[in-house]
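No value in this document is a laboratory result; all are computed from the given coordinates. The structure presented is a predicted model; accordingly, all values stated were derived computationally and were not measured. Here the Cβ positions follow ideal geometry from the backbone for every residue, glycine too, while neighbour counts run over all protein chains shown.
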Amino acid sequence: PVTAEVGEKVTFEVETKGTIKQVKWYKNGVEAKDVETKKVGDNKYQLIIDKATKDDEAEYKVVLSNEEGDADSSAKLTVKLPKIEFTKSLEDQTIDAGTKAVLSIEVNLPPKQVKWYKNGKEITESDKAKPNKLNDNTYQLIIPDASKDDTADYKVRFQFFYLSEHTYQSFFCLF
């Protein structure tokens, strides 16, 4: 068995004796026609998955053919999901009217998509509150010149390329 984490490079390699006329790879019993076989030297063949995803998890088999017949070898690939951790969570805030409010959150892995919500409604470009990406892992919601109208329940949703959504919320209050 072969185990990899999401995003890692995976290489299946087979070494043979004799001349090979044809190399076919199978994924869960179905010929994988969209993969490329790399020949290494005279007798080695590789199937390379550059960045493993959960969709790559399968039983892989290679069939080598020549005039003497066929030979095969197989291995199962397991792709582990990384653990998502929030290194800085949203915190409730109380600020004075007329000041700038900044809600910040940080995750250990870069998400594919980030959406902010105010009282359950997605915040859009036309809203006063502006989402801000500091880096791949740190996100903010900036509310310039906050007023009573900005008192709300704010949430942020992260969509990771290999997992379902993770939601975190904070309550924001003005006095």
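For region 10-50, the list of GluC sites (Glu not before Pro) that fall in a loop by DSSP and count at most 11 other C-beta atoms within 10 angstrom reads Glu36. Counted without the sites themselves, the longest stretch of the chain free of trypsin sites (Lys or Arg not before Pro) in a DSSP loop having at most 14 other beta carbon atoms within 10 Å is 129-175.
Quick check on region 57-97: take the gyration tensor over C-alpha atoms, sort the square-rooted eigenvalues as a ≥ b ≥ c, and tell me if it's rounded (a/c under 1.5), prolate or oblate. Judged from the Cα gyration tensor, region 57-97 comes out prolate (a/c at least 1.5, a/b above b/c).
Between Val102 and Lys9, what is the FRET efficiency for a Förster distance of 45 Å, r being their Cβ-Cβ separation, to the nearest 0.05? Rounded to the nearest 0.05, the efficiency is 0.70. When Asp34, Asp145 are sorted by how many other C-beta atoms sit within 10 angstrom of their C-beta, beginning with the fewest, the order is Asp34, Asp145. The structure shown yields Rg and Dmax of the Cα atoms in Å, and of the options (1) 23.2, 68; (2) 16.6, 48; (3) 25.2, 84 that calculated value carries the label (3). Here's how it looks for Ala58: its modeled amide H is under 5 Å from those of Leu77, which are all 5 or more places away or on a different chain.
The modelled label-to-label distance for the pair Lys80/Lys33, using points 7 Å beyond Cα in the direction of Cβ, is 3.6 nm. Close amide-amide hydrogen proximity is noted between Thr3 and Thr78, each under 5 Å apart and 5 or more residues distant or on a separate chain (H modeled in the peptide plane; Pro and chain starts excluded). Mean sequence separation of contacting Cα pairs (under 8 Å, at least six apart), scaled by the length of the chain, corresponds to a relative contact order of 20 percent.
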